[in-house]
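Peer 1: Here it is, the structure, as structure tokens.
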Amino acid sequence: MKKERTPEEIAHEERRTTAMGLYNTACSYHLAARELEKLNLRGTHPSMPVQLLYFHTIELFLKSFLRLTHSVAQLSSRDFGHRLPALATAAKENKLFITKKDMAVIGMCDLDSVRCPIHQNRLLHSASC
């Protein structure tokens with residue numbers, strides 16, 4: 001069972017989890033994914049770690065944008081969590097430009113099976129990190 005957090009702990013988390021911090025973390029994941037991809041590792045599923053890193057990159061970029069208008073508790077809730085389509089929809093509703101094609105790709109992401117074609121999407125290849 002999850003421990004109930006105090007109001008002070010919640011306030012501390014809200015102060016320390018900033019949009020810029022999430023953005024910088026997303027850039028770090030993006031760089032790690034690009035570098036890992038260059039290694040052309042051998043294995044039974046060599047693309048899966050790369051895809052997972054790209055998936056998390058997109059999640060963090062979306063959360064960094066949404067952090068401007070949402071609390072940490074909201075972004076951590078079951079409404080969002082790791083659900084890229086929900087995060088992208090909320091970001092789009094908050095005026096982030098996301099094309100229909102990009103929304104379609106985001107809609108195909110499935111963290112449970114780590115099949116995410118996002119690493120082939122221009123969302124990441126054009127990111128300026």
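Peer 1: Which GluC sites (Glu not before Pro) in region 1-94 pass both tests, a DSSP loop state and at most 12 other beta-carbon atoms within 10 Å? Numbers along the way, then the final one.
Peer 2: Working: sites: E4, E8, E9, E13, E14, E35, E37, E59, E93; in loops: E4.
Sites meeting the loop and neighbour criteria: E4.
Peer 1: Each residue of region 95-107 in order: what ³J(HN,Hα) in whole Hz does its phi give by Karplus 6.51 cos²θ - 1.76 cosθ + 1.60, θ = phi - 60°, with x for Gly and Pro?
Peer 2: 6, 7, 7, 9, 6, 4, 4, 5, 5, 5, 5, 4, x
Peer 1: For region 16-104, what is the convex hull (Cα atoms) projected area averaged across all directions, in square nanometres? Could the numbers behind the result be given before it?
Peer 2: Numbers: hull surface 26.6 nm².
Value for region 16-104: 6.6 nm².
Peer 1: Let me ask you something else. I'd like the FRET efficiency for T69 and R15, computed as 1/(1 + (r/R0)^6) with the beta carbon distance as r and R0 of 22 Å, rounded to 0.05. Write down the numbers at each step before the final one.
Peer 2: Numbers: r = 16 Å, r/R0 = 0.75.
FRET efficiency, T69 to R15: 0.85.
Peer 1: When the C-alpha atoms of region 1-45 are aligned to their principal axes, what extent does each axis show, in angstrom, from largest down?
Peer 2: 48, 30, 8
Peer 1: Let me ask you something else. Applying 1/(1 + (r/R0)^6) with R0 = 41 Å to the Cβ-Cβ distance of T6 and R42, what FRET efficiency is obtained, to the nearest 0.05? Write down the numbers at each step before the final one.
Peer 2: Details: r = 49 Å, r/R0 = 1.19.
With a Förster radius of 41 Å, E is 0.25.
Peer 1: Then there is this: Would you list which lysines come within 28 Å of K3, measuring only between C-alpha atoms, while excluding same-chain residues fewer than 8 positions from it?
Peer 2: Once the sequence-local lysines are set aside, what remains near K3 is K63.
Throughout, read-outs are computed from the coordinates displayed, never taken from laboratory work. Being a predicted model, the structure only gives us computed values, none of them experimental. A quick note on method: Cβ atoms are made from the backbone with ideal geometry, for glycine too, and the neighbour counts reach across all protein chains shown.
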